[in-house]
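Structure, as structure tokens:
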Amino acid sequence: MASSNLQKIQGDFKNKDIVSLSQLDDKSVLKLFEKVSLVRELGEKGLPSDLLAGKIVVLLFYEPSSRTRSSFDAATKQLGGQTIVVENPQQFSSVSKGETFEDTIRVFEAYCDAIVLRHPELGSAERAAKTAKFVPIINAGDGAGEHPTQALLDLYTIWDRKKNLSNLKGVMAGDILNGRTVHSLLEGLSFFPGNEVFLLAPEELKLSKSDFEKVKARVKLHEISSIDQIPKDCDFWYWTRVQKERFKSEELYKRVNNRYIVTKEILNKYAGKVTILMHPLPRVGEILEEVDSDPRAVYLSSQIRSGMYVRMALLAMILGKL
Ligand code: NCD
């Protein structure tokens, strides 16, 4: 989880970098959600918007992405803005000629109003934010660090269903150690009182000791190792993929991969009637397709759509338009 000398949002997103969810607080999250309702209405009614007309957002992605990149792209365009998509700059930009990360950031900031960055190194978004002088940096995933906009859309998905972000009980399963979406979501849940999370992971993929200590004062945490330890009355299940790209060897990955697979039977036995089943995606076998049609499964429906609306509102707020 990121350092504490990042600029706090305190309800004012204008021109601020979004590097870590720890920059936010309960009021900032709820203020964002108010604006999400506005842009969502535009989207649902199919109303065109020119809120971001004249604005250019660079999507600088050093790591693969489907949803995050496309939803930022769609979010910008839905509001009348434009994007420059730079995928795999290691191969297709001057990075391949040896240009430094810092110079790359300095160059792209000259062309745009905001940079959305995904990079394999933990701390890279903070480095970019320190380097960029003129435009805000939005962290779209820094290695095994954080993924704050995913957490915001995850929180929105829960809030949209439960109308509440306090006194929730949930389970997070899979790669708790390396899963940046898990790290950011835990931080977000800690803004609201009374939340309780069951962390289901193999021994090798448990939350790091330091992160566990940081979070535990604010979210009641329980580490569990088998599905039958999940309490029946959870508000949400948050399943994740084992982060293969963070492993030193294939053998190590195979040893811990897919220990916990959600099947129809598992869901019916251990989840409650109103538990929602979330996943940041991609899934690689940890939720079977037979589960997709269950009304509690939101990972292929509202969770994805929420992603675009949350990113629309966030961009408009950061660019001073909402
Ligand atoms: C996540 C990521 O990149 O961290 N994907 C996403 O942005 N929806 C989760 C993952 O890759 O497992």
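Inclusion of Ala144 among residues that are under 30 Å from Phe236 (Cα atoms), within 14 Å of the ligand (Cβ to nearest atom) and not in a helix (DSSP H, G or I) is warranted. Scanning segment 218-263 for residues that are within 16 Å of the ligand (Cβ to nearest atom) and open to solvent by 80 Å² or more (accessible area, probe 1.4 Å) turns up Lys244, Glu245, Arg259. Restricting segment 264-310 to residues that are basic (Lys, Arg) and more than 23 Å from the chain's Cα centre (by Cα) leaves a set whose member that is nearest to the ligand (Cβ to nearest atom) is Lys264. Considering the conditions (1) outside any loop (DSSP other than H, G, I, E, B); (2) out of contact with any Ser or Thr (no Cβ under 9 Å at 6 or more places or on another chain); (3) away from the ligand (no atom under 16 Å from the Cβ); (4) touching a residue at least 40 places away in the same chain (Cβ under 8 Å), Arg161 is excluded by exactly one of them, (2). Any chance segment 120-137 includes a residue that's touching a residue at least 12 places away in the same chain (Cβ under 8 Å), touching a helix residue (DSSP H, G or I) at 6+ places or on another chain (Cβ under 7 Å), crowded, with 24+ Cβ neighbours inside 10 Å and within 21 Å of Val298 (Cα to Cα)? No; the residues of segment 120-137 include none that is touching a residue at least 12 places away in the same chain (Cβ under 8 Å), touching a helix residue (DSSP H, G or I) at 6+ places or on another chain (Cβ under 7 Å), crowded, with 24+ Cβ neighbours inside 10 Å and within 21 Å of Val298 (Cα to Cα).
For segment 56-94, give me the residue count where each residue is within 16 Å of the ligand (Cβ to nearest atom) and outside any strand (DSSP E or B).
Here the count works out to 15.
Checking the structure you have, find out if any residue of segment 29-37 is aromatic (Phe, Trp, Tyr) and in the same structural domain as Phe134 (by TED's automatic domain parsing). Yes: one or more hits. Within segment 212-243, the set of residues being basic (Lys, Arg) and farther than 20 Å from Asn178 by Cβ comprises Arg218, Lys220, Lys232. Total residues in segment 249-271 satisfying the condition of being farther than 17 Å from Pro202 by Cα, in contact (Cβ under 8 Å) with a residue 40 or more places away in the chain and among the basic types (Lys, Arg): the figure is 0. If you go through segment 171-190 one residue at a time, do you hit one that is away from the ligand (no atom under 16 Å from the Cβ) and either more than 27 Å from Gly307 (Cβ to Cβ) or out of contact with any strand residue (DSSP E or B) (no Cβ under 8 Å at 6 or more places or on another chain) (or both)? The answer is yes; a qualifying residue exists. Given the criteria under 18 Å from Asp154 (Cβ atoms), open to solvent by 10 Å² or more (accessible area, probe 1.4 Å) and part of a loop (DSSP other than H, G, I, E, B), does Pro282 qualify? Yes; evaluated as a whole, the condition is true for this residue. Is it fair to say Ala53 is part of a helix (DSSP H, G or I) and away from the ligand (no atom under 14 Å from the Cβ)? So Ala53 does not fit the description; no.
The values are calculated or read from the model by the stated rules, or taken from the named source; none is laboratory data. Just so we're clear, the structure is a prediction, and the values are computed from it rather than from any experiment. All Cβ positions, glycine included, derive from the backbone under ideal geometry; neighbour counts span all protein chains shown. These area figures cover heavy atoms from the full protein model, side chains too; ligands, DNA and RNA do not enter into them. Shrake-Rupley method; radii C 1.70, N 1.55, O 1.52, S 1.80 Å.
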